[in-house]
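See structure below.
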Amino acid sequence: MALQSNERDASADTLVAKVYVGYFPSSVAVNPITNTVFVASDRGIDVIDGATNKLVKTIQVQTEPFGSGISVNPVTNKIYASSSDGAVYTIDGSTFTVTGNMTFIPWYGVGNIAINSITNMLYVGSGTHSVFVVDGSNNRLVKEIYIINAYVSGNLAVNPMTNMIYQTGTCNGCINGTGFVSVIDGKSNTMIKQIDLGRGAVPQYIAINSITNKIYVRDLYSTGIRIIDGSTNTVTDAISAGSSSESSVESPAGIAVNPTTNKIYAPNWNISLDPGQWFLGSSIKVIDGSNNKIVQTLPVGNAVMDVAVNPVTNRIYASDSYNHRVVVIDGNGPLENAKIMIDTINGMHLKKGITKSLDSRIDGAIQSLNSGQYDDAKKYLKAFIDKVEVFSGKKLTTFQATSLIKMANDIINSLPAK
């Protein structure tokens, strides 16, 4: 049974922050190395510091990037943002400045961008039958790959470990619109297969777990998730990631995977069937990739447009378009974060008495979290903060004290109220 919003498991994913950005935030991308988040909004590319959850800059581009695709190459620290006028803007992640743009087919516009960070190759989708391959070292077009049967091309995803690229699409001229996933070999830059998803399927969103080599595909009009085995490029399973009733229906709004934790994040819109209402809110289904079970449902606002994951920090970022903000979710949960605090304290190499004094309070919080005694956990954490404040500037440096207090407060704020 999935964990609902009014229930709480100490190991569950937890909403920890809301960062307000420009109007109508849409695409989200993360650089896990620099811990920086990039969000397309009506005013440009908003930049969020993942360490502080603060908006640090807005990058201006020539055309509004709302609805555009954003991708990051963490190795080169370059960000690529597509726009409806057919351009792909290149942004330097160290200076947050636009360093160039590439124009492909302005008439149809440019869609989703996927990057192989190992080969430094970009794969740019379009409204036509083509995928454009770009060399990230010089931003030059290498090849245009024609996707047969494609009437509507969807999103792209890359598995850098296998150098395979996957794009969703629907068939041109097929009865009832057969949906498929095109498979491109990154070594030869040729399409080697189309995976048939059946009539009536309109696959749109796609994400890959590069460790398990599984591809997750969401339909535009249904909340089911198809699972493709990347070793055989065949559909092996499906997950129901939404529901409907007489009064409302859930509609998919993206998908993301954390390959480190093997969790899948599938946001939905909850749409009212009452003509007098529209949005009833948005939620994210958290799925355990080891058994394909929904383990949690997180309410995240009114109209989530996209979701992205930082696998290093285990933070998840969802753009809430209606409320003009990015919702930050901690994938570790309070219990895991409390354990991380123990490691952090021990890593400071303090005097044994100081370490023991601090550890004992966190140990008490961990025991309380394990037994579901959240009020007791808060008491231990507040006692920890009091002790750190006493040690600050004496037994602890100001930086150490500030860091520990922030970690403790983050856990307290993630716990349910009475």
request  = Among 14, 103, 232, flag the residue with its Cα farthest along the positive direction of the charge dipole of the range 14-331, charges on Cβ as +1 for Lys/Arg and -1 for Asp/Glu.
outcome  = 232
message = Could you compute the net charge surrounding residue 345? Neighbours are other residues with a C-beta less than 13 Å from the C-beta of residue 345; K and R count +1, D and E count -1.
response = +4
ask   = Once amide H atoms are placed 1.01 Å from N in the peptide plane, what residues at a sequence separation of 5 or more from residue 13, or on another chain, have their amide H within under 5 Å of its amide H?
value = none
query = Along the charge dipole of the range 14-331, which of 155, 191, 223 sits closest to the positive end, that is, farthest toward it, with unit charges on the beta carbon of Lys, Arg, Asp and Glu (+1, +1, -1, -1)?
reply = 191
ask   = Just in the range 327-418: which chymotrypsin sites (Phe, Trp or Tyr not before Pro) are loop by DSSP and have at most 14 other Cβ atoms within 10 Å?
value = none
message = For residue 281, what residues show an amide H to amide H distance below 5 Å, using hydrogens built from the backbone and excluding near sequence neighbours?
response = 270
key: Theoretical gain in end-to-end length, residue 119 to residue 344 [0.36 nm per residue, Cα-Cα removed]   = 77.5 nm
note = Net charge (Lys, Arg +1; Asp, Glu -1) of residues whose beta-carbon lies under 12 Å from that of residue 396, residue 396 excluded, is +3
remark   = With a Förster distance of 30 angstrom and the Cβ-Cβ distance between residue 274 and residue 33, calculated FRET efficiency to the nearest 0.05 equals 0.05
inquiry  = Whole-Hz ³J(HN,Hα) for each residue in the range 260-267, computed from phi via Karplus 6.51 cos²θ - 1.76 cosθ + 1.60 with θ = phi - 60°, x for glycine and proline: what do you get?
reply    = 6, 8, 6, 10, 10, 10, 10, x
key: DSSP loop GluC sites (Glu not before Pro) with at most 13 other Cβ within 10 Å: longest gap in the chain   = 8-245
Total charge dipole magnitude, the range 341-418, about the Cα centre, Cβ charges on Lys, Arg, Asp, Glu only, Debye to nearest 20 = 280
request  = Set Lys and Arg Cβ to +1 and Asp and Glu Cβ to -1, take the dipole of the range 335-414 about its Cα centre, and tell me which of 411, 335, 400 lies farthest positive.
outcome  = 400
message = Show me, for the range 375-386, the HN-Hα J-couplings you get by feeding each phi into the Karplus relation (A = 6.51, B = -1.76, C = 1.60, θ = phi - 60°), rounded to Hz, glycine and proline as x.
response = 5, 5, 4, 4, 4, 5, 5, 5, 5, 4, 4, 4
query = Name the chymotrypsin sites (Phe, Trp or Tyr not before Pro) in the range 139-240 that are in a loop by DSSP and that have at most 13 other C-beta atoms within 10 Å, would you?
reply = 221
message = Show me the ranking of peptides 234-242, 134-142, 324-332, 337-345 by mean Cβ neighbours inside 10 Å, starting with the highest.
response = 324-332, 337-345, 234-242, 134-142
inquiry  = Compute the helix-to-body angle for 398-414: its Cα long axis versus the longest principal axis of the chain, expressed 0 to 90° and rounded to tens.
reply    = 70
ask   = Could you give P(r) for the range 335-414, binned at 10 Å from zero, as whole percent values over all Cα-Cα pairs?
value = 20, 59, 20, 1
key: Segment residue 260-residue 144, extension gain: residue separation times 0.36 nm, minus the distance between their alpha carbons   = 38.5 nm
query = If you place +1 on the Cβ of every Lys and Arg and -1 on the Cβ of every Asp and Glu, how big does the dipole about the Cα centre of the chain come out, in debye to the nearest 20?
reply = 1140
ask   = What FRET efficiency do you get for residue 185 and residue 354 if R0 is 45 Å and r is their Cβ-Cβ distance, rounded to the nearest 0.05?
value = 0.20
note = Note, the range 141-146: 3J(HN,Hα) by Karplus (6.51, -1.76, 1.60, θ = phi - 60°), whole Hz, Gly/Pro = x, goes 5, 8, 6, 10, 9, 7
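Since every read-out is calculated from the coordinates, none of them should be taken as a lab result. Computed from a prediction, not measured in an experiment: that's the story for all the values here. Here Cβ is always computed from backbone atoms with ideal geometry, including for glycine, and neighbour counts include all displayed protein chains.
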